[in-house]
Structure formats: structure tokens, C-alpha cells
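S.K.: I have a structure I would like to understand better, so I am pasting it below and will then ask my questions one at a time.
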Amino acid sequence: MGTMAINVKYYPTCPNPSITIWSRRHYDMSCITLLFQDKTGGLYVRGTKGNNWIHITPIKGALVVNIGDSMHIMSNDRYKIIEQCASDLSTTRIYCTAILNSSLDSVTGPFP
């Protein structure tokens, strides 16, 4: 069995959001990350063609499902990991994710 972590973070409104990056560019290392949507948004993912960033439009009550590095490897590249970042600190927000990981002593490899 793996582990599941729920992260809840509070970010107050930034006094100068135009010069602030909320979350640097990164890939999730987990198996799957569930991001609970809010009305503010601010999540960006790197497009698969070129170097463009795509804003993920928030949908009330929706979840964003991010494939992590472990799922990318286990699926033998069927499910792709994607680079992401977050911005927009112009409003106060609560950030809540559920992260699913394999156990620390497991060996991760592609399924046949």
C-alpha cells in the first residue's frame, strides 16, 4: 500500500502580485494529485507543442487530476506527466490537494 496526503495551505492576498510567482515550474513526483478547484484559478500547464503555457480555467466543484512521475513511469508513457506552475496572488486563497504516492520501499517500473 502507498500513502495519501492531504495538503491544505492558506495564501493571503499579496500586496504586489504582478511580481510574485506562487508556485515555480515543476512536475509532480506523486502517482496522482487531485487539486480542488476554486473560482480564482491561476493554474498553468505547459502545452505539448512549443513552449506555451495554458491557463486551466476553473470550473466550480471540479477536480484537476495531475499525473505524477510515478504514474508516468508505471503506465509506460501512456499517461504523460506535464509541467505546471501557479500564479495569481491577487486574492486570498486556500489551496487543497490530495496526493497519492507509492510506498517508500516500493520499486517503481513500467507495467508490461
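Read the figures in this text as sums done on the coordinates, not as results from a lab. All values reported here derive from a predicted model rather than from experimental measurement. Here the Cβ is made from the backbone with ideal geometry for all residues, glycine too, and neighbour counts use every protein chain on show.
S.K.: Using only DSSP helix segments of four residues or longer, with each worth -39500 (n - 2.57), what per-residue ellipticity at 222 nm results for the chain after dividing by its residue count and rounding to 500?
M.R.: Numbers: 1 runs with 6 residues, N = 112.
Dividing the helical sum by the residues of the chain leaves -1000 deg cm²/dmol.
S.K.: Still on this model: Treating cross-link reach as a plain straight distance, find the lysines whose alpha-carbon is under 30 Å from the alpha-carbon of LYS9, omitting any fewer than eight places away in the same chain.
M.R.: Within the straight-line cut-off, LYS9 pairs with LYS39, LYS60, LYS80.
S.K.: 7 Å from Cα along Cα→Cβ at both ILE6 and ILE82: what's the point-to-point distance in nm?
M.R.: Here the modelled spin labels are 2.6 nm apart.
S.K.: Spelling out what I want: for every residue of region 93-105, take phi, set θ = phi - 60°, compute 6.51 cos²θ - 1.76 cosθ + 1.60 (Karplus), and round to whole Hz; glycine and proline get x.
M.R.: With coefficients 6.51, -1.76 and 1.60, one gets 8, 10, 9, 10, 10, 10, 10, 10, 10, 6, 5, 5, 9 Hz.
S.K.: Considering the chain, what Rg and Dmax in Å follow from its alpha-carbon atoms?
M.R.: 15.3, 51
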